[in-house]
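A short write-up of the structure that comes next.
The values are calculated or read from the model by the stated rules, or taken from the named source; none is laboratory data. The structure presented is a predicted model; accordingly, all values stated were derived computationally and were not measured. With ideal geometry, Cβ positions are generated from the backbone for all residues, glycine too; neighbour counts draw on all protein chains shown. Areas reflect the complete protein model, heavy atoms only, side chains present, ligands, DNA and RNA absent. Shrake-Rupley method; radii C 1.70, N 1.55, O 1.52, S 1.80 Å.
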Amino acid sequence: MSIAVSAPGKVLLAGGYLVLDKNYSGLVFGLSARIHTISTISVSETGTILVRSPQFATATWTYTVSSSENGVTVEQVPDKGSSKNTFVETTIRYVLSYLSLSKIVSSEITILADNDYYSQPTSTTPLRFNNLNVPLSSAHKTGLGSSAALVTSLTSCLLQAYSPAPLQLSGSSYLTKIHNLSQAAHCAAQGKVGSGFDVAAAVFGSCVYRRFSPSILQALPEANAPGFRQQLREAVDKSWDMGIEKTKIPKGVRVIMGDVDCGSSTPGMVKKVLAWREGEKEAARKQWDELERVNRGLIDLLAELSEGSHDAVRQQILDIRKNIRAMGEAADVPIEPEEQTKLLDAVSAGVPGVLGGVVPGAGGYDAVAFIVKDNEETVTALKEFLAKWDDGKVKALETREEQEGVRMEQTVQYEGFGNYLKLT
């Protein structure tokens, strides 16, 4: 029996840094770029889970799994050519501990990433899932939230495969369970409790998000410590104090992501902004309140967008960027670096049909996002403009906004990649 699940990437269009505080919100869109997880259960064997990510070199991990009183023990089988994958290993440990199974049957899992998650070599013939021929650690991410999409996709797939009874991804209570368990596994793998907007988008799709209280997960014991299994189940099954307000890009406009292929140290940037906020409490509060006001203005404009309000959207995006730069200057963090400012200004002025662009999420050099009129003329003009910018260092990605979150997939769609991907 094979089961396939996918979860989307994300772009935090407004609310970078603010989403770390539950008193503020973020506008996050799910993206059509997805992480796919295909699981095949063995009915005759127990105790081994084999995971492959065949687009990358040496990306095979074998785990022995066994149930104990405090959770599931997951140990990687030593392999000279394979590295460690904390996100995969932690997710397996958390999901199977949550399910409290007395016997764990063996399975083989294949993980596939849509191409837009990684900067692609220009010399390759495009397949649906390109083989990058490099170790996973050497691949250049485009900043679409691969770890959150991976954990959400794998969590959902494992729940589907190992739960005693079939589960419905369409049910709100089950989606909430996937969300809570994915957040727990993702935060454990990261080693910290983050804002969670990326996992929320991977589960629920596009939404206006307010974070949960970090104490919900901070109170959990270490994996396999006394009480871990029981406290994990209680935390996942209870109601969390977060806000999910479903939203979507209105008809007539779309989001286009630009891969800058440069990369930023997001944790270091966040640390500096939070240190500034702690040291300059009053100035920071005013700055965050103003950012929340202009962000909510954009959310409201997009909810009731008409052709006549495009200029208002342009101005709102400019106001957001102005406030983001002010916060970056105050905290001495390049949230919208000068190079990105030049690019965004040039595109907004030089490509008709572009309503504006931002450096999404925590900012820096990872990516840019544009809101544009959804027509072929605008999209083509933007791609051509980016191709000429700075010797072609910015590439328009094919992904676009998508309202839907985690979903079941038909396994037949992956069969055409049998030899290439070594799917069973």
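Mind checking the angle between helix 376-388 and the chain's longest principal axis? C-alpha axes, 0 to 90 degrees, to the nearest 10. That helix lies at roughly 90 degrees to the long axis.
Largest GNM mean-square fluctuation among Glu290, Glu282, Glu409, using the chain with Cα springs under 10 Å: Glu282. A straight chain from Glu45 to Ala283 at 0.36 nm per residue would run longer than the Cα-Cα distance by 79.6 nm. The apolar share of the surface of the chain, taken as the fraction of accessible area on carbon and sulfur atoms (1.4 Å probe, ligands and nucleic acids excluded), comes to 50 percent. Taking 0.36 nm per residue of sequence separation and removing the Cα-Cα distance, the Thr341/Glu245 pair yields an extension gain of 31.5 nm.
Asp116 sits among other residues whose Cβ lies under 9 Å from its own Cβ, and their net charge, with Lys and Arg +1 and Asp and Glu -1, is -3.
Semi-axes of the equivalent ellipsoid for the stretch 54-155, computed as √(5λ) from the eigenvalues of its C-alpha gyration tensor and ordered from largest down, come to 29, 15, 11 Å.
Cross-linked pairs Lys141/Lys286; Lys251/Lys393; Lys251/Lys383; Lys10/Lys177; Lys103/Lys177; Lys141/Lys342: Cα-Cα separations exceed 27 Å for Lys141/Lys286; Lys251/Lys393. Short-range pairs are left out: with C-alpha atoms under 8 Å and at least six residues apart, the relative contact order of the stretch 253-396 is 37 percent.
Sparse packing (at most 10 other Cβ atoms within 10 Å of the Cβ) combined with a DSSP loop state is found for the following GluC sites (Glu not before Pro) in the stretch 4-79: Glu69. Sorted into 10 angstrom bins from 0, the C-alpha pair distances of the chain split as 4, 22, 31, 25, 13, 4, 0 percent.
With every protein chain left in place, what is the accessible area per residue of the stretch 253-396 in square angstrom, probe 1.4 Å?
48 Å²
Rounded to 0.05, the FRET efficiency of the Ser2 and Lys271 pair, given R0 = 51 Å and the Cβ-Cβ distance, is 0.75.
Quick one: angle between helix 338-350 and the longest Cα principal axis of the chain, in degrees between 0 and 90, rounded to 10, please. Helix 338-350 sits roughly 70 degrees off the main axis of the chain.
Annotation: amide H of Gly356 within the under-5 Å range of Ile371, sequence separation 5 or more or interchain, hydrogens built in the peptide plane.
Would you work out if the stretch 253-396 is rounded, prolate or oblate? Take a ≥ b ≥ c from the square roots of the eigenvalues of the alpha-carbon gyration tensor; rounded if a/c is under 1.5, else prolate when a/b is larger than b/c, oblate otherwise.
oblate
Projected label points at Ser138 and Lys80, each 7 Å from Cα along the beta carbon direction, are separated by 1.8 nanometres.
Rolling a 1.4 Å probe across all protein chains gives Lys286 an accessible area of roughly 120 Å².
Shown here for the stretch 201-254: GluC sites (Glu not before Pro) in loop regions (DSSP other than H, G, I, E, B) with at most 13 other Cβ atoms within 10 Å, namely Glu222. Residues whose amide H comes within less than 5 Å of that of Tyr118, counting only those at least five positions distant or on another chain, are Thr142 (H built at 1.01 Å from N in the peptide plane).
Given a Förster distance of 35 Å, report the FRET efficiency between Val412 and Ser172 from their Cβ-Cβ distance, rounded to the nearest 0.05. According to the calculation, E is roughly 0.80.
Between Phe370, Phe197, Phe56, the GNM of the chain built on Cα springs shorter than 10 angstrom shows Phe56 fluctuating the most.
Within a straight-line Cα-Cα reach of under 26 Å, Lys281 can be paired with the following lysines, leaving aside sequence neighbours fewer than 8 residues apart in one chain: Lys22, Lys192, Lys271, Lys272, Lys322. Spacing of the modelled spin labels on Ala312 and Lys238, each 7 Å from Cα toward Cβ, amounts to 4.2 nm. Volume of the convex hull of the stretch 1-105 (Cα atoms only), normalised per residue: 157 Å³.
Shape analysis of the stretch 290-370 places it in the oblate category; the axes a ≥ b ≥ c from the Cα gyration tensor give an a/c of at least 1.5, with a/b not above b/c. Here the extension length gained between Ser215 and Leu101 equals 38.3 nm, from 0.36 nm per residue of separation less the Cα-Cα distance. Once the Cβ-Cβ distance between Asn224 and Gln403 is put in as r, and R0 is 51 Å, what FRET efficiency do you end up with, to the nearest 0.05? Given R0 = 51 Å and the Cβ-Cβ separation, E is 0.85.
Considering only Gly227, Gly356, Gly268, the mean-square fluctuation computed in a Gaussian network model of the chain, springs between alpha carbons under 10 angstrom, is largest for Gly268.
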